[in-house]
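Asker: Okay, handing you the structure first.
Just so you know, all these numbers are worked out from the coordinates, no wet-lab data involved. Remember, it's a predicted structure, so these values are computed and weren't measured experimentally. No Cβ is skipped: glycine too gets one built from the backbone with ideal geometry, and neighbour counts run over all protein chains shown.
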Amino acid sequence: MKKPGLPLVLALGLGCHGQWGFSRQAAPPHYTARETMRQTRTDDQFFLSRPVAIALDKSRLFVLDMDDADIKVFAKSGEYECTIGRKGQGPGEFHLPSGLDVFEDKLYVADSANRRVQVIDLKGRYLSGFKVPFSPHRILALGPNRIVVMSLPSGRDGPEKMLHGFDGGGGLLWEAGDSYYSQDSVYDLMRNRWFVLKAIGGEFFLVRAANGRSVRRLDGDGTLLGEAEVAEKYPSQEIEIPSRGGRKRILDVFCWNCASDREKVFLLVPERTEDGDLGPGRTIAVIGPAGHILASIDLPERLSRFAVEGNTLFGIDLDARLRIFNLESK
């Protein structure tokens, strides 16, 4: 595995050890994202329509496009390489795919509208797959026989489990995570937005997008290993959601999107837009396993999705363009 760049490692590794190896810092360092590549629109071959997920292997960047129903493949320098998949219902075809992960030279796709998981190789050749009794939303491959699939319940069918663990053949191993249910499908859908992120050792992090401030850690069997409350100084944002009967309900948005790199979680802080709505901000908070804010990253503009590897940040901006940044200390 590629080691993180030296400056960021030094900054995040200062101090003694707290829970899972980190401790509180009096003044978390600030980093700025300096752009090294911006996708142009001159080549329609790799035009991104509705990118919804990013995955990385040792040398490549994979961007899942929901509307195009395919995966655009880039070198980590940002150079376009090829496109995998197309819209359809056959092997290696997708319909409104929403989740993507890579593990040991295999791509794992949450093929949402087809209600299935597909496994393909890095050249797009179909390897295996299985049906699931829900529309899969996010996916993590912790191993060939430990696949975590997350649903996104709207509340229309009552409370249900959101996390599902499968083996490589589609056998259900475990279920966890009760969905929020209030009989208000719009509000429930927003309350049930969770993120699953890889940790080391075949484990994973679980982060709620709203109405929660914790980072949970689970093993490949869905067992909760620990939970860290994020420091109070982390800025969340409240927003009113229209509800039944003309009422409005408050949603406390914790993060707009997030990523992980080894033992660190990166939270994209929500921010008010010019019209007073809520959207992704220009700050990423770096969270250690004890919930402490280890550092902050200033972005030159808003990103909808991103991935981090060492001192490199790969992002998708609000115009659906691929952007690549180096993280530098201020």
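Asker: If you line up the Cα atoms of the stretch 73-123 on their principal axes, what length do they span on each, largest first, in Å?
Answerer: Over the stretch 73-123, Cα extents along the principal axes are 33, 21, 17 Å.
Asker: Among D275, D252, which comes first, then next, by fewest other beta-carbon atoms within 10 Å?
Answerer: If I rank by nearby Cβ atoms, fewest first, I get D275, D252.
Asker: What residues have an amide H closer than 5 Å to that of A295, excluding those fewer than 5 places away on the same chain, when H is modeled at 1.01 Å from N in the peptide plane?
Answerer: Residues meeting the amide H criterion: V286.
Asker: Could I ask something else about it? Starting with the fewest neighbours, write out M37, M66, M162 ranked by other beta-carbon atoms found within 10 Å of each beta-carbon.
Answerer: M37, M66, M162
Asker: For the chain, what does the helix formula give at 222 nm: sum of -39500 (n - 2.57) over DSSP H segments with n ≥ 4, over the residue count, nearest 500 deg cm²/dmol?
Answerer: Mean residue ellipticity at 222 nm (helix-derived): -1000 deg cm²/dmol.
Asker: A follow-up question, please. Enter the per residue convex hull volume of the stretch 118-180, computed from alpha-carbon coordinates, in Å³ rounded to the nearest integer.
Answerer: So the per-residue Cα hull volume is 87 Å³.
Asker: For W174, W194, what's the fewest-to-most ordering of other Cβ within 10 Å of each Cβ?
Answerer: On the way: W174 15, W194 21.
With the fewest neighbours first, W174, W194 line up as W174, W194.
Asker: Beyond 15 Å, what percent of the Cα pairs of the stretch 214-313 remain?
Answerer: Details: 3263 of 4950 pairs.
Above the 15 Å cut-off, the stretch 214-313 has 66 percent of its Cα pairs.
Asker: I would also like to ask the following. Among G291, G143, G90, which one moves the most in a GNM of the chain with springs linking Cα atoms closer than 10 Å?
Answerer: Highest fluctuation of the listed residues: G90.
Asker: What does the stretch 63-187 give for Rg and for Dmax, in Å, if only its C-alpha atoms count?
Answerer: 15.0, 47
Asker: Summing Lys, Arg as +1 and Asp, Glu as -1, what charge do residues with Cβ under 13 Å from the Cβ of K161 carry, K161 excluded?
Answerer: On the way: positive: none; negative: D157, E160, E175, D178.
Value of the local net charge: -4.
Asker: Now for a separate question. The stretch 194-225 to the stretch 295-316: how many Å between their Cα centroids?
Answerer: Result: 20 Å between the Cα centres.
Asker: Next question. Sorted from largest down, what three extents in whole angstroms do the Cα atoms of the stretch 286-330 have along their principal axes?
Answerer: Principal extents (Cα only, largest first): 34, 20, 17 Å.
Asker: In Å and on Cα atoms, what radius of gyration and Dmax does the stretch 6-329 show?
Answerer: When restricted to Cα atoms, the stretch 6-329 yields Rg and Dmax of 19.1, 55 Å.
Asker: Same structure again: I need the per residue convex hull volume for the stretch 256-311, using only the alpha carbons, in cubic angstrom as a whole number.
Answerer: In the stretch 256-311, the Cα hull volume divided by residue count equals 77 Å³.
Asker: To the nearest 20 Debye, how big is the dipole of the stretch 6-329 about its Cα centre, given +1 on the beta carbon of each Lys and Arg and -1 on that of each Asp and Glu?
Answerer: The dipole of the stretch 6-329 has a size of about 200 debye.
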